[in-house]
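First comes the structure, then the notes that go with it.
The values are calculated or read from the model by the stated rules, or taken from the named source; none is laboratory data. Note that the coordinates shown come from a computational prediction; the quantities given were computed from them, not determined experimentally. Cβ coordinates were reconstructed from backbone atoms using ideal geometry, including for glycine residues, and neighbour counts include every protein chain displayed. Ligands, DNA and RNA are stripped out before the accessible areas are found, and what is left, the full protein with its side chains, is counted by its heavy atoms. Shrake-Rupley method; radii C 1.70, N 1.55, O 1.52, S 1.80 Å.
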There are 2 protein chains.
Amino acid sequence: MTNKPGGFAQPKLAEQAFYSAFEFTDLALMMAVWDAQEDIVCIHPMGERLSGTAAISASFKSLFNNGSKLHFEAQAAQELIAGNIAMRTVYEKIVVIGANEQPNQPVLATNIFRLGDNGWRMILHHGSPAPPLEQGAPPGSLH
Amino acid sequence: MTNKPGGFAQPKLAEQAFYSAFEFTDLALMMAVWDAQEDIVCIHPMGERLSGTAAISASFKSLFNNGSKLHFEAQAAQELIAGNIAMRTVYEKIVVIGANEQPNQPVLATNIFRLGDNGWRMILHHGSPAPPLEQGAPPGSLH
């Protein structure tokens, strides 16, 4: 692990910054979390696969400009590290701030980080609708 | 890479076996594709996170017993290899055989493989509903 300034010393810290960037709609922080490579991949819930810095940055810019303030809580994280790759899966509890609402349907996210010269950076995010964490719903009917 | 008998010499071959196991509802083949570790993770579309061989095997047994015969086509694969980890994202075109139907809504899958003594084995599968491949739909409204 590296403690080089500007880098994240642990995958978990990079992940926390990812969700902070969401909460503060901070595009610069969001893109600092991502590895600046063309092979990075982002799949938003129900969205298409986005590849590369330009497409991913544009998608977050669009999301951040929609006006909603969101609070994220990453729950029940599981982490698997193999060499310079860390794979984390988390349930995202998402609340729309000011809407006085119950949390939205949780999102299950796979977050993958690569350790490079600038610490751990995100290389893949795949988010999708999940059943409530408490419920233990059966898997989808197709697969 | 290894060519040891019983192992997959390439991540793509392990992925093909994964979809073949689905088509033939072959639980033994399916579980031979997976690494026999407790840290493996499987997320079926709209389903909860499953961890470990027992839970994942039970989920596929349940899916294979529901009577539907499915045809899978993994399209537009993108692969990223870092050391002994391979990350592939594919659009799964799924057709229910005999139903004389249009393909179902495609599934976007992240498939992750680890190279070990027995070749490339799956360690993570995350499938979720995707927009049609042709359409280029915008990302989901929340994220």
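The table that follows gives values for the structure above.
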| read-out | value |
| --- | --- |
| Some residue of the range A:64-86 being among the polar types (S, T, N, Q), touching a Lys or Arg at 6+ places or on another chain (Cβ under 8 Å) and under 22 Å from B:S51 (Cβ atoms) | yes |
| Hits in the range A:31-56 (condition: crowded, with 21+ Cβ neighbours inside 10 Å and touching an Asp or Glu at 6+ places or on another chain (Cβ under 9 Å)) | A:V33 |
| Which listed residue, of A:M31, A:M46, A:M87, is over 24 Å from B:E38 (Cβ atoms), within 12 Å of the chain's Cα centre (by Cα) and hydrophobic (A, V, I, L, M, F, W, C) | A:M31 |
| Counted residues, the range B:93-118 - those being over 16 Å from the mean Cα position of the chain (by Cα), more than 10 Å from every other protein chain (Cβ to nearest Cβ) and at pLDDT 95 or above | 0 |
| Subset of the range B:65-79 [of a type outside the set (G, A, S) and at pLDDT below 95] | B:N65, B:N66, B:K69, B:L70, B:H71, B:F72, B:E73, B:Q75 |
| Meets criteria (free of Cβ contacts under 8 Å to residues at least 60 places away in the same chain, within 10 Å of chain A (Cβ to nearest Cβ), open to solvent by 40 Å² or more (accessible area, probe 1.4 Å) and among the small types (G, A, S)) for B:S59 | no |
| Helices (runs of 4 or more DSSP H) contained entirely in the range A:1-67, each with at least 3 residues that are more than 29 Å from B:V107 (Cβ to Cβ) | A:11-23, A:27-33 |
| Filter result (within 11 Å of B:H125 (Cα to Cα) and more than 9 Å from chain A (Cβ to nearest Cβ)) within the range B:79-89 | B:R88 |
| Some residue of the range B:132-139 being at pLDDT 90 or above, within 18 Å of A:G52 (Cα to Cα), over 15 Å from the mean Cα position of the chain (by Cα) and hydrophobic (A, V, I, L, M, F, W, C) | no |
| Scope the range A:1-23; condition closer than 18 Å to A:A74 by Cα, at pLDDT 95 or above and either of a type outside the set (D, E, K, R) or open to solvent by 60 Å² or more (accessible area, probe 1.4 Å) (or both); matching residues | A:F8, A:Q10, A:P11, A:K12, A:L13, A:A14, A:Q16, A:A17, A:F18, A:Y19, A:S20, A:A21 |
| Where B:V90 falls short, out of the listed (1) farther than 19 Å from B:S128 by Cα; (2) surrounded by 22 or more Cβ atoms within 10 Å (Cβ to Cβ); (3) touching an Asp or Glu at 6+ places or on another chain (Cβ under 9 Å) | (1) |
| So A:E79, is it open to solvent by 60 Å² or more (accessible area, probe 1.4 Å), touching a residue at least 60 places away in the same chain (Cβ under 8 Å) and either of a type outside the set (A, V, I, L, M, F, W, C) or touching a helix residue (DSSP H, G or I) at 6+ places or on another chain (Cβ under 9 Å) (or both) | yes |
| Members of the range A:94-129 that are without any contact (Cβ under 8 Å) to a residue 40 or more places away in the chain and part of a strand (DSSP E or B) | A:I94, A:V95, A:V96, A:L108, A:A109, A:T110, A:I112 |
| Only listed residue being under 27 Å from A:K61 (Cβ atoms) and modelled with pLDDT under 90, chosen from B:H126, B:H143 | B:H143 |
